[in-house]
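Heads up, the thing below is written out as structure tokens.
The values are calculated or read from the model by the stated rules, or taken from the named source; none is laboratory data. Bear in mind the structure is a predicted one, so any value in this text is a computation, not a measurement. Cβ placement follows ideal geometry from the backbone for every residue including glycine, while neighbour counts extend to all protein chains displayed.
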Amino acid sequence: MTAQTVTEKIISQRAGIAVRAGEIAVVPVDGAMASDTTAPLAMRAFREMGGTRLKRPDQAFLVIDHAAPAPNERIANLHRLMRDFAAEMGCQLYDVGAGICHQLMVENGHVQPSHIFLGADSHTPTYGAVGALGIGMGSTDLAAAWLTGKTWLKVPETTKLVLNGRLQPHVSAKDIILFLVGQLGIAGATYQAVEFTGTAVTHLSLASRMTLANMVAEMGGKTAVVDTTGLDWPTPFTPIQADPDARYHAVREFDLSHLTPQIAVPHSPDNIVPVTAVAGQKIQLAFIGSCTNSRLEDWHAAAAVLAGQRIAPGVRLLIAPASKAVFDAALADGTVAALSAAGATFMTAGCGPCVGTHQGVPGDEEVVISTANRNFRGRMGNPNAHIYLTSPAIVAAAALTGEITNPAELEN
Amino acid sequence: MKTIQGIAHVYGDNVDTDRIIPGKYTKTLDVSHLAAHVLEDLDPDFRQQVQPGDVLVAGDNFGCGSSREQAPLALKAAGVSVVVAAYFARIFFRNAINIGLPVVEIGPHAITPGARLAVDLLAGQVVDESNGRIYPATRLPDVMVAILQAGGLVNYLRERGDYEQQ
């Protein structure tokens, strides 16, 4: 038996034969999720394939999060189609306000360590946070998984990122992943699995691991796996570790003990600079949300900056929770009250303005600072806006001062 | 699969899915609605200029970003017959073949706008008929060839009912 990466081991386990990078495998899938952007096309493809029942209704999930609540009648009718489909097929539907698809799959335990889980959404690698292979696909591939309970995969090569060192105050998982996207580039992990390990990783919370794995999509990665050492997971599981002599496409080591807060400047998520390089840039819209960064620890980081103060005149601070559970927890511990008193506007749990479909579209030449994952031109619905991506603490600091500010400066 | 001939529309590297079809237009089942906004923020003239059968040519990492299948659907509905790029982002690549839009990876190239191209999907090559240059294409896995030959994944599964074991 040849030595294997974590990704090769998981695929081999599910395929029932030993596979290695470059080989094609047909594997049973443990879950297949689609959102309101991708489910309607998937439902149509499923019917066109001749599908009348889902192979595994217990492993199919529909989530209304990308345009929730519906901004117009066209989308409202697509949502209706999803509700009807879920009722007919007997699969679970998360309706308006439940939260963002990836958050819900993890929070409700639908995805488990060593699963192969498909999502018709590019940020599906997020499930690497729990040691699962989350793989983003399109609507037709998802429909095929609903029909057959399987998918075909090219076993990816793996880039291993070894992250060591103790993070400085105000430096978070978002800064780590922005830094790495900058280092590897927007296509730096195309077709590959990215495995994260090292002491800077094994100390991270589940929420931080989700932030880390999430933006592997911005390197072009197929999937992500975060070392499950130190993972706080409610149910027992058998950890899968790479063999010591496994073959990697690349192994890169980084000492993060001197990493400073990072930011992506327009118009690509790999245009990464230290926050200090763009300090003083005026902003009009601040957004805390998305599958990357809108969990309780993210809100706590924002509240630590904003509590007892008031956002700058002329700034809109919009916050969309990753899930209703996040909102309820933040309501119970006083975080919502602190952020609201500082001037934040709360939105429906879901993708919010990240995808540019509804809510919070910026005006021409407006500058947005956001905790989301993409700043492509037009991403938030207006090609003439400018989007900066950074951590919740830095977004909160910018909302407070009206310009891009390192939170360390606020302490002086 | 026959050879596809068409005129090249050439773009650069890292054309992301928001540039192919902005997210605000994706929530629809009407492909003509997608075609009406294809490449809107990258080249507003494209949808007027594209003729049925034309070839879209790009550099590195075409289709990076979202998993939206509306991106290849928009190109196909606008009349694009095949997309040729140095290389593709993987979800776009899979989606295109699944919906029956051929995609061909040829590595670095010097194809210029207006070039007449002949794309032979089975032989795996692109001929630039304006100057005779031949670009060999990356070979597809057998399962992708079978999906493309069926006209997409819907037809493939309607005919077979399941994936063939590899």
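Scanning the stretch A:305-319 for residues that are assigned by TED's automatic domain parsing to the domain that holds residue A:372 and under 21 Å from residue A:106 (Cβ atoms) turns up at least one hit. Going by the structure shown, is residue A:292 surrounded by fewer than 22 Cβ atoms within 10 Å (Cβ to Cβ), outside any strand (DSSP E or B) and in the same structural domain as residue A:383 (by TED's automatic domain parsing)? So residue A:292 fails the test. Comparison of A:47, A:53, A:14 shows that the only residue that is assigned to a loop (DSSP other than H, G, I, E, B) and more than 12 Å from residue A:138 (Cα to Cα) is A:53.
Could you tell me whether any residue of the stretch A:192-201 is part of a loop (DSSP other than H, G, I, E, B), within 19 Å of residue A:118 (Cβ to Cβ) and in contact with a helix residue (DSSP H, G or I) (Cβ under 7 Å, 6 or more places away or on another chain)? Scanning the stretch A:192-201, I find no residue that is part of a loop (DSSP other than H, G, I, E, B), within 19 Å of residue A:118 (Cβ to Cβ) and in contact with a helix residue (DSSP H, G or I) (Cβ under 7 Å, 6 or more places away or on another chain), so the answer is no.
Residues are listed down the side, and each one gets a yes or a no for (1) buried (at least 21 other Cβ atoms within 10 Å of the Cβ); (2) within 14 Å of chain B (Cβ to nearest Cβ); (3) touching a residue at least 60 places away in the same chain (Cβ under 8 Å):
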{"residue": "A:333", "(1), (2), (3)": "no, no, no"}
{"residue": "A:344", "(1), (2), (3)": "yes, no, no"}
{"residue": "A:349", "(1), (2), (3)": "yes, no, yes"}
{"residue": "A:364", "(1), (2), (3)": "no, yes, no"}
{"residue": "A:376", "(1), (2), (3)": "yes, yes, yes"}
{"residue": "A:389", "(1), (2), (3)": "yes, yes, yes"}
{"residue": "A:394", "(1), (2), (3)": "yes, no, yes"}
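Filtering the stretch B:9-64 to residues that are acidic (Asp, Glu), over 18 Å from residue A:356 (Cβ atoms) and in contact (Cβ under 8 Å) with a residue 24 or more places away in the chain leaves B:13, B:43, B:54, B:60. Helices (runs of 4 or more DSSP H) fully within the stretch A:73-154 that include at least 2 residues being at pLDDT 95 or above and among the basic types (Lys, Arg): A:73-89.
Is there a residue being facing chain B (nearest Cβ under 10 Å), touching a helix residue (DSSP H, G or I) at 6+ places or on another chain (Cβ under 6 Å), modelled with pLDDT of 95 or more and surrounded by 21 or more Cβ atoms within 10 Å (Cβ to Cβ) anywhere in the stretch A:53-67? Checking the stretch A:53-67: at least one residue is facing chain B (nearest Cβ under 10 Å), touching a helix residue (DSSP H, G or I) at 6+ places or on another chain (Cβ under 6 Å), modelled with pLDDT of 95 or more and surrounded by 21 or more Cβ atoms within 10 Å (Cβ to Cβ).
The residue list B:146, B:118, B:96 contains one member that is farther than 19 Å from residue A:191 by Cα, within 14 Å of another protein chain (Cβ to nearest Cβ) and outside any loop (DSSP other than H, G, I, E, B), which is B:146. Candidates are the residues of the stretch A:155-167 that are part of a loop (DSSP other than H, G, I, E, B) and either more than 10 Å from chain B (Cβ to nearest Cβ) or under 15 Å from the mean Cα position of the chain (by Cα) (or both); the one that is surrounded by the most Cβ atoms within 10 Å (Cβ to Cβ) is A:155.
Determine, yes or no, whether residue B:79 is in a loop (DSSP other than H, G, I, E, B), within 27 Å of residue B:136 (Cα to Cα) and either away from every other protein chain (no Cβ under 14 Å) or touching a helix residue (DSSP H, G or I) at 6+ places or on another chain (Cβ under 7 Å) (or both). So residue B:79 fits the description; yes.
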